[in-house]
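Visitor: Okay, handing you the structure first.
The values are calculated or read from the model by the stated rules, or taken from the named source; none is laboratory data. Since the structure is predicted, the reported quantities are computational estimates derived from the model, not experimental observations. Neighbour counts run over all protein chains shown; Cβ positions are idealised from the backbone, glycine included.
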């Protein structure tokens, strides 16, 4: 929760940090998150550790000592490169719901904590004396998605791990990093690094952008942030094969050729002039060109592959609607075959968003795996 303190000449940010955390170490973070105001009311995040997990393994909204399970509807929203969220609708006219905007809440699902967050919006209504209440919740990482980057906007000679950690800690957000050996150099390299945020760029968008620039994936675990890579799942995949998948109600496949290229030319003059061209299996001789000194000329081939793969991902979207409320995590893989939407062969997709809707609906939004694995496919669907 965010606790309010008064900033004055005599009650400095060091003092406020001591009052909040028992040490002045986080004084700078408190100052930055409150736009360095010189006097007035300021906020410091203090995590509530008192929430108790419900005895039953079920979806529940817990706020303080209140455990709400009498909802008529709910939606749990989990996406890659996105902040987790939830919506609950209550139609019980005999219950007084005590939650307020800004309240700390914890959402549980069948596997445990789905998210720790705060009440973002409340929509109450009365119709013919029947009351309803809709409460919308964002994970604590939501503050990163809403707040623009505090100063400074430029970070030089710092590793990407340091930059991400610095910005997460300003808002007291946990952040962990993959322990894969192949990522150690990516995380730790400081030589010649420079990261600059745009004036009106949010903290989450900045962190997400610099992660993508290094082929990394930033995800919201619901209880902090995680940075790693998405790898093709060769084992368990959700079966969405026509005739085999039970409960598949609807499927929509959008393949947009407009805007795709066949040749992706990348140019940079930092630290030396260089050019690289990446080719994808698009059936028209269209050239797309990217010129920027933000690209390291020593890595243009891998940068070109990333840009081409991300572009493919933007142009292919598959949506599947299941007739059950199913526990599925974003980042999972699905194997799809459905001639009715033009997917005639078994094709892998990565699930980029899961929208679970109580009582009996799951909506999956997917794209081609290359958008996250950065492996150019041999063939594009419907090409």
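Visitor: Which residues, taken from segment 260-284, are within 13 Å of residue 307 (Cβ to Cβ), out of contact with any helix residue (DSSP H, G or I) (no Cβ under 6 Å at 6 or more places or on another chain) and part of a loop (DSSP other than H, G, I, E, B)?
Guide: Residue satisfying the conditions is 261 alone.
Visitor: To continue, here is another question. For segment 356-372, what are the residues that are in contact (Cβ under 8 Å) with a residue 60 or more places away in the chain, within 23 Å of the chain's Cα centre (by Cα) and surrounded by fewer than 18 Cβ atoms within 10 Å (Cβ to Cβ)?
Guide: Result: 357, 358.
Visitor: Return the residues of segment 1-15 that are more than 29 Å from residue 63 (Cβ to Cβ) and in contact with a helix residue (DSSP H, G or I) (Cβ under 6 Å, 6 or more places away or on another chain); say none if nothing qualifies.
Guide: 13, 14 - these are the residues of segment 1-15 that are more than 29 Å from residue 63 (Cβ to Cβ) and in contact with a helix residue (DSSP H, G or I) (Cβ under 6 Å, 6 or more places away or on another chain).
Visitor: Still on this structure: State all residues of segment 200-223 that are within 16 Å of residue 146 (Cβ to Cβ), assigned to a loop (DSSP other than H, G, I, E, B) and out of contact with any helix residue (DSSP H, G or I) (no Cβ under 9 Å at 6 or more places or on another chain); if no residue qualifies, say none.
Guide: If the condition is that a residue be within 16 Å of residue 146 (Cβ to Cβ), assigned to a loop (DSSP other than H, G, I, E, B) and out of contact with any helix residue (DSSP H, G or I) (no Cβ under 9 Å at 6 or more places or on another chain), then 200 is the only one that fits.
Visitor: Within segment 16-68, track down each residue that is at pLDDT 85 or above, out of contact with any helix residue (DSSP H, G or I) (no Cβ under 9 Å at 6 or more places or on another chain), in a loop (DSSP other than H, G, I, E, B) and over 20 Å from residue 109 (Cβ atoms).
Guide: Within segment 16-68, 22, 35, 38, 39 qualify.
Okay, residues lined up against (1) surrounded by fewer than 19 Cβ atoms within 10 Å (Cβ to Cβ); (2) farther than 29 Å from residue 299 by Cα; (3) touching a strand residue (DSSP E or B) at 6+ places or on another chain (Cβ under 7 Å); (4) free of Cβ contacts under 8 Å to residues at least 60 places away in the same chain:
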position: 164; (1), (2), (3), (4): no, no, yes, no
position: 173; (1), (2), (3), (4): no, yes, yes, yes
position: 185; (1), (2), (3), (4): yes, no, no, yes
position: 200; (1), (2), (3), (4): yes, no, yes, yes
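Visitor: For segment 172-199, give me each residue that is at pLDDT 95 or above and either assigned to a strand (DSSP E or B) or in contact with a helix residue (DSSP H, G or I) (Cβ under 6 Å, 6 or more places away or on another chain) (or both).
Guide: 175, 176, 177, listed by residue number.
Visitor: Looking at 328, 303, 351, can you tell me which residue is under 26 Å from residue 228 (Cβ atoms), surrounded by fewer than 20 Cβ atoms within 10 Å (Cβ to Cβ), within 28 Å of the chain's Cα centre (by Cα) and in the same structural domain as residue 249 (by TED's automatic domain parsing)?
Guide: Values: 303 fails: surrounded by fewer than 20 Cβ atoms within 10 Å (Cβ to Cβ); 351 fails: surrounded by fewer than 20 Cβ atoms within 10 Å (Cβ to Cβ).
After applying the criteria, what remains is 328.
Visitor: Do we have residue 284 as surrounded by 13 or more Cβ atoms within 10 Å (Cβ to Cβ), in the same structural domain as residue 336 (by TED's automatic domain parsing) and over 29 Å from the mean Cα position of the chain (by Cα) here?
Guide: no
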